[in-house]
Amino acid sequence: MTQPHSLVPTIDVSGWGQDPAAEAAIVAAVDAACASIGFLSITGHCIDPGLIEAMLAEADAFFELDENEKNSYRSPSPEINRGFTARETEALALSLGVQTPPDLFEAFNIGTEEGPSQTPNGDPVPQEMFAANIWPARPAGFRAAVSDYFAAAGVQAAQLLEIFAVALGEERNFFTGYTSHSTDTMRINHYLRAPGQSEPVDGQQRMGAHTDYGMVTVLYADSVPGLEIVGPDGLWHGFTPPPGSLLVNLGDLMATWTNDRWKSSLHRVVPPPRAADGPAHRRSVAFFRDGNYDALVECLPSCVDDEHPARYAPVLAGEHLMAKLLGPRTLMPSTAASTAGDRIDAVTSTAPDPQ
């Protein structure tokens, strides 16, 4: 079921929905991973390898366009999480309130376009949360391939939330009511050290340290070094995904629901060693299931008692998401609550990272 002695366990989820024994084994393994680090690798997932390859091919073709063409697809404002993001225009560590140089990734973002105009209480929902996607004119197959992958990743996220609900002792459809009009987004990340680029400055990362903001992230990542995760020991550890697997990590909302019984994983992507030859090309694609804008997230009764009082105030999922997004995009510290806890020391420490 899992790979032993691994910081990030690999769990085969193909048995979900097949038989009670298989489901029980999956639930136990997922619960252990979520409690220890908030990060796991899954096999037996429902995303066809052909969809992944088609999406990556189209994304590669897009990122090979010249900078002027790519920049024509940038978002019109920081609140709209759509379109192209250029290198050194965001600093993800600012979502934790930590000042760093801007990050060395470029990205392309899409999201759900249809959502409610107001909450059940009659409050308006900021329509930036459901803004129209900004599709490039080329490559010609980009929109179809990326949309197909986005849909498949959403199915996988729904299955994972079902597993999470059972692992937390809830009904398996517990999270369904929180995701009926979820502000799902997907970010295609592209890392390339091109000839002539300057070396990173001190403290500069390919993607700065952060926890994800929502419920669960379904992540495709190349089997290329660079991803680092803070372990239970409070130190950074490199992790290279097994071929054919998907990574899954928890976000701030799941940590809030579980009162830190489960961890929101703290992670980053570091630059390749200066001595490394070649272009050091790396890709990742993160699908974020962030929940309904108006979802009130508060500690589950099963995760709080006299010895473990609630650590986080109740929060509206959409307000938390927007506050987290705006920090890195405006190069200002985020105003949203952090779930990093004392792990923040790993972000602010100037000690050398373990090799």
- prompt: Starting at 0 and stepping by 10 Å, how many percent of the alpha carbon pairs of the range 211-279 end up in each bin?
  reply: 19, 44, 29, 7, 1
field: Loop trypsin sites (Lys or Arg not before Pro), the range 267-341 (other Cβ atoms within 10 Å of the site Cβ: 14 or fewer; DSSP)
entry: 274
task: For the range 100-203, calculate the relative contact order in percent as a whole number, restricting contacts to Cα pairs under 8 Å that are 6 or more residues apart.
output: 44
statement: Restricting to Cα pairs under 8 Å and 6 or more apart, the percent relative contact order of the range 235-355 works out to 28
- request: Would you work out what percent of the accessible area of the chain, with all protein chains in place, is carbon or sulfur (probe 1.4 Å)?
  value: 53
query: What is the dipole size for the range 149-268, taken about its Cα centre, with +1 at each Lys and Arg Cβ and -1 at each Asp and Glu Cβ, in debye to the nearest 20?
result: 160
field: Loop GluC sites (Glu not before Pro), the range 128-195, which have at most 12 other Cβ atoms in a 10 Å radius of their Cβ (DSSP)
entry: 171
- request: Please work out the average accessible area per residue across the range 220-355, using the 1.4 Å probe convention, and give it in Å².
  value: 44
- request: Using only the Cα atoms of the range 164-262, build the gyration tensor, take square roots of its eigenvalues as a ≥ b ≥ c, and label the shape rounded, prolate or oblate: rounded if a/c is under 1.5, else prolate if a/b is larger than b/c, else oblate.
  value: prolate
field: Gyration tensor over alpha-carbon atoms, the chain, equivalent ellipsoid semi-axes in Å
entry: 29, 24, 22
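Mind putting a number on the dipole of the chain about its Cα centre? Charges go on the C-beta only, +1 for Lys and Arg and -1 for Asp and Glu, and I need it in Debye to the nearest 20.
Dipole about the Cα centre, nearest 20: 620 debye.
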message: Can you compute the label reach from residue 170? Point 7 Å from Cα along the Cβ direction, backbone N cut-off under 16 Å, restricted to the range 23-38.
response: 31, 34-35
- prompt: Looking at the chain, do any whole DSSP H helices span at least 15 angstrom along their long axis by alpha carbon and average 1.0 or above on Kyte-Doolittle, and which?
  reply: 20-36, 142-167
- prompt: Rounded, prolate or oblate: which fits the range 241-304, taking a ≥ b ≥ c as square roots of the Cα gyration tensor eigenvalues, rounded meaning a/c under 1.5, else prolate when a/b beats b/c?
  reply: prolate
query: Accessible surface of residue 302 in the full protein assembly, 1.4 angstrom probe, to the nearest 10 Å²?
result: 80
query: Can you give the charge dipole size of the range 1-156 about its Cα centre, rounded to the nearest 20 debye, using +1 on the beta carbon of Lys and Arg and -1 on the beta carbon of Asp and Glu?
result: 120
statement: Rounded to 0.05, the calculated FRET efficiency for the beta carbons of residue 86 and residue 24 at R₀ = 41 Å is 0.30
message: Output wanted: per-residue J couplings in Hz (rounded whole) for the range 217-227, from phi through Karplus 6.51 cos²θ - 1.76 cosθ + 1.60, θ = phi - 60°, x for Gly and Pro.
response: 10, 9, 10, 8, 9, 4, 7, 10, x, x, 5
query: Does the range 67-177 come out rounded, prolate or oblate, given a ≥ b ≥ c as the square roots of the eigenvalues of its C-alpha gyration tensor, rounded meaning a/c under 1.5 and, failing that, prolate meaning a/b above b/c?
result: prolate
- request: Could you rank 161, 7 by how accessible they are, 1.4 Å probe, largest area first?
  value: 7, 161
field: Rel. contact order, % - alpha carbon contacts under 8 angstrom, at least six apart, the range 1-61
entry: 34
query: Which one of 195, 175, 164 is farthest out on the positive end of the charge dipole of the range 155-203, using unit charges on Cβ (Lys, Arg +1; Asp, Glu -1) and the Cα centre as origin?
result: 195
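The values are calculated or read from the model by the stated rules, or taken from the named source; none is laboratory data. Please read these numbers as outputs of a predicted model, since none were measured by experiment. Please note: Cβ atoms are built from the backbone with ideal geometry, for glycine as well, and neighbour counts cover all protein chains shown. Note: areas computed on protein heavy atoms with side chains; ligands, DNA, RNA excluded. Shrake-Rupley method; radii C 1.70, N 1.55, O 1.52, S 1.80 Å.
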